[in-house]
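The values are calculated or read from the model by the stated rules, or taken from the named source; none is laboratory data. As the structure is a computational prediction, the values presented were derived from the model and not from experiment. Here the Cβ is made from the backbone with ideal geometry for all residues, glycine too, and neighbour counts use every protein chain on show. All accessible areas refer to the heavy atoms of the entire protein, side chains included, with ligands and DNA or RNA removed. Shrake-Rupley method; radii C 1.70, N 1.55, O 1.52, S 1.80 Å.
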Amino acid sequence: MARIIRKGYQLEEEYYAIKQEQADKRAKNIRTLGKVTFVFFMIYIVSIAVSVVTGIFSSVFVPLSACFVVVQVIAVFVCLGGGVSKYVDTDILVSGIHGERFAAKVLAILPDDYIVFQNVKVTFDNKQSEIDNIVVGKSGVFIIEVKNHNSHIVGDLKDTYWIQHKVGRGGTPYTNQVYNPVKQVGTHIYCLANYLRQNGVNVYIEGMVYFVNETCVLSLTGDSNISVYSRSNREEKLLFGQILSGNNNLDSRSVNRICKLINQL
């Protein structure tokens, strides 16, 4: 099995940061609700006491009680309804985390002499790339971008954006644009290749995009030197085939040099 080296935990860090922010907001809102409840309860008690003293208790008790209940309901909605605006973001992050973990299991099937670096950040010429997977072995260096979309995606491999067709939670279909991951991989290759070249290693890097969600349907046109593979089409063998029959023939010294440079990122 290939060795998996995780260089970062960006998605997990973002996910737990949002969850912690939500927890902090809920705790703050609960404290605020307690204070609001105490204030209105004291006003309610004082109003009842005044109505008893003035002899109008029977005529104001029901309206006062109803007002108190309404105010409390409003307070609960206002105080506890906050902190949920980022739930959609966490859904996206969880999807990304699951995609990365599944890809790690798949790539781990590669032979023992292959190394897979996950979540690598590399910067060159003021461009920063956050690379999902870099595979290094005797057949070369490969960048694999992982996507976990559960939709029908339509586009051309040379387009900047693709169209994503989805169905909302209420059953209503809708579309939105997604950045073409092929172009994303192109930027990754540019940054990593130049970083390696700056450090004395000139190697051809192959790029791939791997859609890991079984429900994702791709309708893509055009040509590109960056391959696109889909789990829904059972194309893992093609992905492995491209890696194992890569255009390079690296000796162990070159592999170790490249791995050392990537480890330094």
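Within the range 169-183, the only residue that satisfies the criterion of being out of contact with any Gly (no Cβ under 9 Å at 6 or more places or on another chain) and buried (at least 20 other Cβ atoms within 10 Å of the Cβ) is P181. Within the option set V154, V136, V141, V182, being outside any strand (DSSP E or B) and more than 17 Å from the chain's Cα centre (by Cα) holds for one residue only, V182.
Beta carbons closer than 8 Å, at least 6 apart along the sequence or on distinct chains, pair a first residue in the range 117-137 that is at positive phi with a second that is of a type in the set (S, T, N, Q) and outside any strand (DSSP E or B) for N119/Q10; D125/N194.
In the set (1) at pLDDT below 95; (2) surrounded by fewer than 16 Cβ atoms within 10 Å (Cβ to Cβ), the condition left unmet by H149 is number (2). For residues that are closer than 18 Å to P111 by Cα, open to solvent by less than 50 Å² (accessible area, probe 1.4 Å) and hydrophobic (A, V, I, L, M, F, W, C), tally how many sit in the range 206-256. Qualifying residue count, the range 206-256: 5.
Can you name the number of the only condition in (1) closer than 30 Å to R26 by Cα; (2) modelled with pLDDT of 90 or more; (3) not charged (D, E, K, R) that V154 fails? Single failed check for V154: (1).
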